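Where a number appears in this text, it was derived from the coordinates with a stated rule and is not lab data. Predicted model, so just to flag it, every value in this text is computed and none were measured. Cβ placement follows ideal geometry from the backbone for every residue including glycine, while neighbour counts extend to all protein chains displayed.
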Ligand SMILES: CC(C)(COP(=O)(O)OP(=O)(O)OC[C@H]1O[C@@H](n2cnc3c(N)ncnc32)[C@H](O)[C@@H]1OP(=O)(O)O)[C@@H](O)C(=O)NCCC(=O)NCCS
């Protein structure tokens with residue numbers, strides 16, 4: 001696998017390329033339905049718990065999904081739990097955290113989790129914020145949903161006084177990197193993770 005060099009190779013199946021959410025040409029033969037973006041509401045957690053394992057496992061680029069040495073059922077379950085944890089945090093009214101959801105035909109098909117680092121300003125003199133998680137259900141990839149959710153997340157972070165936003169993703173996750181770049185992010189750093197089972 002190559003390192004992201006800023007050059008995109010379009011690996012999407014043509015049937016899922018659809019840009020109607022951003023006023024571009026509709027190429028999806030099945031017809032492209034409009035989505036709307038709104039804040040998290042009760043009941044979304046059920047969809048989030050489906051979207052997380054489905055999207056991360058299908059793309060197969062995230063930290064746990066890519067590590068074939070780890071049991072698939074546990075990896076899947078960990079993505080589900082992670083999504084549930086975010087939803088529970090927002091339901092509890094956790095400060096400095098928000099979820100926005102993309103909805104199509106009354107059902108959540110993607111979500112973004114954003115957070116403010118409440119203590120960052122004490123040290124830096126300006127507030128840091130981050131995109132904590134982003135996931136779109138695979139049948140809805142390529143419609144511009146991630147790009148739109150990132151815009152919404154950033155709007156919220158700005159409204160909270162955030163001046164410096166960051167997000168981490170796999171260097172081969174071109175679609176995610178593009179969704180972030182579409183919203184002004186630029187790559188500053190990449191890291192590798194090494195692991196082994198000890199005998
Ligand atoms: C990554 C992910 C969020 C992208 O969602 P999406 O709604 O399909 O993204 P968008 O439609 O907004 O597309 C973003 C950009 O990537 C491009 N893109 C999408 N899929 C692509 C692919 N497979 N190969 C190359 N480019 C791709 C789009 O053309 C668009 O670029 P453009 O605006 O320059 O045309 C989605 O694939 C996903 O949920 N993956 C699993 C979870 C994940 O990886 N989350 C990010 C972790 S931080």
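For segment 41-181, the Cα gyration tensor yields ellipsoid semi-axes of 24, 17, 16 Å (square root of five times each eigenvalue, largest first, whole Å). Ordering 41, 143 by the number of other Cβ atoms within 10 Å of each residue's own Cβ, fewest first, gives 41, 143. From the Cα gyration tensor of segment 46-98, with a ≥ b ≥ c the square roots of its eigenvalues, which class applies: rounded if a/c is under 1.5, or else prolate if a/b is larger than b/c, or else oblate? In terms of gyration-tensor shape, prolate. Rounded, prolate or oblate: which fits segment 103-199 when a ≥ b ≥ c are the square roots of the eigenvalues of the alpha-carbon gyration tensor, with rounded for a/c under 1.5 and prolate only if a/b beats b/c? The shape class here is oblate.
Packing, taken as the mean count of other beta carbons within 10 Å per residue, orders the peptides 191-199, 166-174 from highest to lowest as 166-174, 191-199.
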